[in-house]
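The structure appears below as structure tokens.
The values are calculated or read from the model by the stated rules, or taken from the named source; none is laboratory data. Predicted model only: the values in this text are computed from it and were never measured. Every residue, glycine as well, gets a Cβ built from its backbone with ideal geometry; the counts of neighbours run over all protein chains shown.
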Amino acid sequence: MDPASITALIGVCVTILRNATGFVSGLDSVITRIQDASLDITAVQNRCEGLSLATRRLRAWLDEEGNQLKEGERAFLMTALDVCNQLIDKLNGVTRKCGSVDKKKKPGPWKVVRFLFSQPQLAKYEAALHSQMNSIHVILRAVNL
């Protein structure tokens, strides 16, 4: 074989090896995501539960002592809490479709696949919820000054 053929053959082998490495790496990532799905579902459910408790507690405080706030501040907080509750309901709806409410039971394989495909939707709702919670935090800090 001439040197050009050997060089071309080596280049093809390197390309095949690089593609195989990328495939194996991607497969490993998917396996890890599948193995972690149950934990991820439970984590989202627990975050929702905690935030739901916090929003209910803050709403109760606003109902009892919210008259100390200016009307615009109180209205803003009430609206923000409503939006938070709607986002929590959306997140709970997605996780309910993907996993068991019983945190001790692992979700079935189809629910895991559904959860993996729901990741962009979950990320969107979680980012929106995080933004809402930040805006509530900012107004509460400003009112406290």
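For the range 23-70, give me each residue that is at pLDDT below 85, more than 15 Å from GLN119 (Cβ to Cβ) and acidic (Asp, Glu).
Result: ASP28, GLU65.
Of the conditions (1) under 22 Å from ALA43 (Cα atoms); (2) surrounded by 14 or more Cβ atoms within 10 Å (Cβ to Cβ); (3) among the polar types (S, T, N, Q), SER135 fails just one. Which one is it?
Condition (1) is where SER135 drops out.
In the range 33-69, what residues are among the β-branched types (Val, Ile, Thr) and either crowded, with 17+ Cβ neighbours inside 10 Å or closer than 21 Å to MET133 by Cα (or both)?
ILE41, THR42, VAL44, THR55
Determine if the range 72-86 includes at least one residue that is free of Cβ contacts under 8 Å to residues at least 60 places away in the same chain, within 30 Å of ALA37 (Cβ to Cβ), surrounded by 11 or more Cβ atoms within 10 Å (Cβ to Cβ) and of a type in the set (Ser, Thr, Tyr).
Scanning the range 72-86 turns up no residue that is free of Cβ contacts under 8 Å to residues at least 60 places away in the same chain, within 30 Å of ALA37 (Cβ to Cβ), surrounded by 11 or more Cβ atoms within 10 Å (Cβ to Cβ) and of a type in the set (Ser, Thr, Tyr).
For the range 97-117, check the following and say yes or no: at least one residue is crowded, with 16+ Cβ neighbours inside 10 Å, touching a Pro at 6+ places or on another chain (Cβ under 8 Å) and outside any loop (DSSP other than H, G, I, E, B).
yes
From (1) modelled with pLDDT under 85; (2) under 16 Å from ASP36 (Cβ atoms), pick out the condition that doesn't hold for SER118.
If we test SER118 against (1) modelled with pLDDT under 85; (2) under 16 Å from ASP36 (Cβ atoms), just (1) comes out false.
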